[in-house]
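See below for the structure under consideration.
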Amino acid sequence: MTIVDLGCGPGHSLAKLRIEFAESRLIGVELDSDLCAAAMVRLKGHPRVTLINRSALDTGLAASSADFVIARLLFQHLADPIGAAKEALRILRPGGALVVIDVDQSIWGLADPRVPELESVMRRYAALNAAAGRDRSIGRKLWRILTVAGFGDVQSNAALVHSDEVGLKSFASQLDLGRLTHLGEEGVVSAAELESARDARDRFLASPDSIMMTLNLLVCGRKPRA
């Protein structure tokens, strides 16, 4: 198969796909040049992997050239998710499939016990994302987005990840506050609040009583053969 990873970021999914689909050609599309460069380092010039520094709305790929398209945690960041779905439809061969994996903030998961210091910082981060056009409620809209874009045979599913199964450390990257340092620089939160959130996060990860659970939504559609 030819598999396209839209919004491939630093290449985490591509690295796994390369192992799971050893006979397939892989194409990663990423608009952010720094993330694209990181993916190039991660994949180390693997001959079956091609990386393209372009938008998911305009990949530059030929029509009907892909068998499968994946978009993981991408659509929540897009101002035009229907446009991205239409681009996926264009590059897919008839009968090919798109799977969108994303979240919905109302059912994203939970942390037990709660971490109020971290929740306070994340609420303000979510407000900034919403103001910038990012949609953390995209999960509930995915079925409709794929249908409007022209996909058929749309199906939905969910993948639950529990810390008792995979280990609490598996969630450490999701609780990484390094990506939020700009909030302090912009005056959205104080340095003291960020430090308090980091301390609370570290205590949560260190406690044997902590539980974390997340829910990813998966919606898949196929390009009609007719």
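Could you look through the range 59-92, keep only residues that are charged (D, E, K, R) and more than 15 Å from residue 149 (Cα to Cα), and pick out the one that is farthest from the chain's Cα centre (by Cα)? Spell out how you get there, then give the answer.
Within the range 59-92, the first condition is being charged (D, E, K, R), and the residues that meet it are 67, 72, 80, 86-87, 90.
After this cut, where a residue has to be more than 15 Å from residue 149 (Cα to Cα) as well, the list is 67, 72.
Details: 67: 20, 72: 4 Å.
The qualifying residue farthest from the chain's Cα centre (by Cα) is 67.
Does any residue of the range 55-74 turn out to be of a type in the set (Ser, Thr, Tyr) and modelled with pLDDT under 90? So far as the range 55-74 goes, no, none of its residues is of a type in the set (Ser, Thr, Tyr) and modelled with pLDDT under 90. Only one entry in 49, 4, 69, 29 is over 21 Å from residue 100 (Cβ atoms) and hydrophobic (A, V, I, L, M, F, W, C), namely 49.
To keep it simple, each residue is scored yes or no on (1) buried (at least 18 other Cβ atoms within 10 Å of the Cβ); (2) among the hydrophobic types (A, V, I, L, M, F, W, C); (3) free of Cβ contacts under 8 Å to residues at least 60 places away in the same chain; (4) in contact with a Ser or Thr (Cβ under 7 Å, 6 or more places away or on another chain).
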{"residue": "197", "(1), (2), (3), (4)": "yes, yes, no, no"}
{"residue": "204", "(1), (2), (3), (4)": "yes, yes, no, yes"}
{"residue": "211", "(1), (2), (3), (4)": "no, yes, no, yes"}
{"residue": "216", "(1), (2), (3), (4)": "yes, no, no, no"}
{"residue": "222", "(1), (2), (3), (4)": "yes, no, no, no"}
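Quick check on the range 1-37: of everything there that is hydrophobic (A, V, I, L, M, F, W, C) and touching a residue at least 60 places away in the same chain (Cβ under 8 Å), which residue is nearest to residue 74 (Cα to Cα)? Top of the filtered list is 6. For the range 99-120, check the following and say yes or no: at least one residue is loosely packed, with under 14 Cβ neighbours inside 10 Å, of a type in the set (Lys, Arg) and more than 15 Å from the chain's Cα centre (by Cα). Checked the range 99-120: at least one residue is loosely packed, with under 14 Cβ neighbours inside 10 Å, of a type in the set (Lys, Arg) and more than 15 Å from the chain's Cα centre (by Cα). Among strands (runs of 3 or more DSSP E) entirely within the range 38-102, having at least 1 residues that are free of Cβ contacts under 8 Å to residues at least 60 places away in the same chain singles out 49-52.
Restricting the range 132-158 to residues that are at pLDDT below 95 and at negative phi, which is surrounded by the fewest Cβ atoms within 10 Å (Cβ to Cβ)? Within the range 132-158, the match that is surrounded by the fewest Cβ atoms within 10 Å (Cβ to Cβ) is 132. Using the structure shown, decide if residue 9 is part of a loop (DSSP other than H, G, I, E, B), under 20 Å from the mean Cα position of the chain (by Cα) and closer than 26 Å to residue 129 by Cα. So residue 9 fits the description; yes. Residue under question is residue 165, and the condition is that it be closer than 27 Å to residue 138 by Cβ, assigned to a helix (DSSP H, G or I), more than 17 Å from the chain's Cα centre (by Cα) and free of Cβ contacts under 8 Å to residues at least 24 places away in the same chain; does it hold? Taking the combined requirement at face value, the residue satisfies it.
The values are calculated or read from the model by the stated rules, or taken from the named source; none is laboratory data. Worth saying up front: this structure is predicted, and the values here are computed from it rather than measured. Positions of Cβ are generated from backbone atoms using ideal geometry, with glycine treated the same way; all protein chains shown enter the neighbour counts.
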